[in-house]
Amino acid sequence: MNQGPFRARRPLLLASASPRRQALLAGQGLGFEVVPSTLKEPAPEPGEAPADYAARMARIKGQDLAARHPDKVIISADTIVVEGESILGKPRNIDDALAMLSSLSGRWHQVMTGFCVLHHGDGISLCQTVTTRVHMAENSRAMLQAYIDTGEPMDKAGAYGIQGIGAFLVDEVQGSYTNVVGLPLRSVLNCLLEIGAIGVANA
Ligand SMILES: Cc1cn([C@H]2C[C@H](O)[C@@H](COP(=O)(O)OP(=O)(O)OP(=O)(O)O)O2)c(=O)[nH]c1=O
């Protein structure tokens, strides 16, 4: 079986509980340990730009693990949905999910994923935020309610999963698709290639 086009050249640690992030990296042939950060994510600072906030969250999650695993290359990420002035994380409850999806319906919004590649021992600290524009179709309240009843929205920023049942909500995507799912795959691979943490299989 084809294991994917890349191989880890240094020990990798994914600091994330997200099964989507794990699947995206594993699908490329990379082996890695998974140790999610247990730190509570602080709220945005007053006036903090959403892209800076996403990068800061990714850094906080990654640094939590980097100090404890100085020999590993740490990959961390944080995904937020930005609608107008509002930063949407995961819904707190069903009502919150309905409010989020209603505010996104029939409009463009941005999905931002901040990610970091860190190596404490070598002093490597690369962080960036990737932005994707997503347009949601007009969805009736009944449609949104029926979607929420599936349970899918509750662990996802903006209360939807483009890769799952929530695919029906979206009618256009501009930019990286994997960024919406939680990890801008090509940008992360580029960072890992740049520092020699991964290489092309058989190369
Ligand atoms: C918009 C959108 C988000 N998401 C997910 C990606 C992230 O897992 C989640 C946002 O929460 P995050 O806080 O970024 O990540 P997480 O709590 O799942 O994992 P960890 O903090 O341990 O790294 O929303 C989708 O799966 N599909 C989508 O379409």
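The values are calculated or read from the model by the stated rules, or taken from the named source; none is laboratory data. Computed from a prediction, not measured in an experiment: that's the story for all the values here. Glycine gets a Cβ as well: all are built from the backbone with ideal geometry, and neighbour counts include every protein chain shown. Only protein heavy atoms, including side chains, enter the accessible area calculation; ligands, DNA and RNA are left aside. Shrake-Rupley method; radii C 1.70, N 1.55, O 1.52, S 1.80 Å.
Add -39500 (n - 2.57) for each DSSP H run of 4 or more in the chain, then divide by its residues: what number comes out at 222 nm, to the nearest 500 deg cm²/dmol?
Working: 6 runs with 59 residues, N = 203.
The per-residue figure over the chain is -8500 deg cm²/dmol.
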inquiry  = List the lysines whose Cα sits under 22 Å from the Cα of LYS40, skipping any in the same chain fewer than 8 residues away.
reply    = LYS61, LYS90, LYS156
ask   = Can you pull the percent of the chain's accessible area that's carbon plus sulfur, 1.4 Å probe, other chains left in place?
value = 52 percent
key: Length added when fully stretched, GLU85-GLU48, from 0.36 nm per residue minus Cα-Cα   = 12.2 nm
query = In square angstrom, rounded to the nearest 10, how much accessible surface does VAL173 have for a 1.4 Å probe?
reply = 50 Å²
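Using a Förster distance of 22 angstrom, determine the FRET efficiency expected from the C-beta separation of SER125 and THR38, and round it to 0.05.
Given R0 = 22 Å and the Cβ-Cβ separation, E is 0.55.
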request  = Any chance you could give the angle, 0 to 90 degrees and rounded to 10, that helix 50-66 forms with the longest Cα principal axis of the chain?
outcome  = 40 degrees
Per residue accessible area in Å² of the range 20-154, where ligands, DNA and RNA are left out and the probe is 1.4 Å = 47 Å²
inquiry  = Between the range 160-189 and the range 75-133, how far is it from one alpha carbon centroid to the other, in angstrom?
reply    = 11 Å
request  = Might you work out the accessible area of VAL170 for me, using a 1.4 Å probe with all protein chains in place, and round it to the nearest 10 Å²?
outcome  = 30 Å²
inquiry  = Using only the alpha-carbon atoms, how far is helix 94-104 inclined from the longest principal axis of the chain? Give it as 0 to 90 degrees, nearest 10.
reply    = 90 degrees
note = Using a 1.4 Å probe on heavy atoms of the protein chains only, the accessible area for LYS90 in Å², nearest 10, reads 130 Å²
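Under the rule that an exposed site lies in a DSSP loop and has at most 13 other Cβ atoms within 10 Å, name the longest stretch of the chain with no GluC sites (Glu not before Pro) of that kind, not counting the sites themselves.
139-203
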query = If you count, for each residue, the other Cβ atoms within 10 Å and average over each peptide, how do 56-66, 97-107 line up from highest to lowest?
reply = 56-66, 97-107
inquiry  = Check the chain for me: any Cys whose beta-carbon has no other cysteine beta-carbon within less than 4.7 Å?
reply    = CYS191
note = Over the Cα atoms of the chain the radius of gyration and the largest Cα-Cα distance (Dmax), both in Å, equal 17.3, 53
message = I need the phi-derived Karplus couplings for the range 30-45: 6.51 cos²θ - 1.76 cosθ + 1.60, θ = phi - 60°, integer Hz, Gly and Pro marked x.
response = 8, x, 6, 8, 10, 9, x, 6, 9, 5, 6, 7, x, 6, x, 6
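Excluding TYR53 itself, calculate the net charge of residues whose Cβ lies under 11 Å from the Cβ of TYR53, where each Lys or Arg counts +1 and each Asp or Glu counts -1.
In short, -3.
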inquiry  = Through the Karplus equation 6.51 cos²θ - 1.76 cosθ + 1.60, θ set to phi - 60°, convert the phi angles of the range 109-125 into ³J(HN,Hα) values in whole Hz; use x for Gly and Pro.
reply    = 9, 10, 10, 10, 10, x, 9, 10, 10, 10, 9, 4, x, 8, x, 8, 8
key: Net charge over other residues, Cβ less than 14 angstrom from the Cβ of ALA8 (K, R count +1; D, E count -1)   = +2
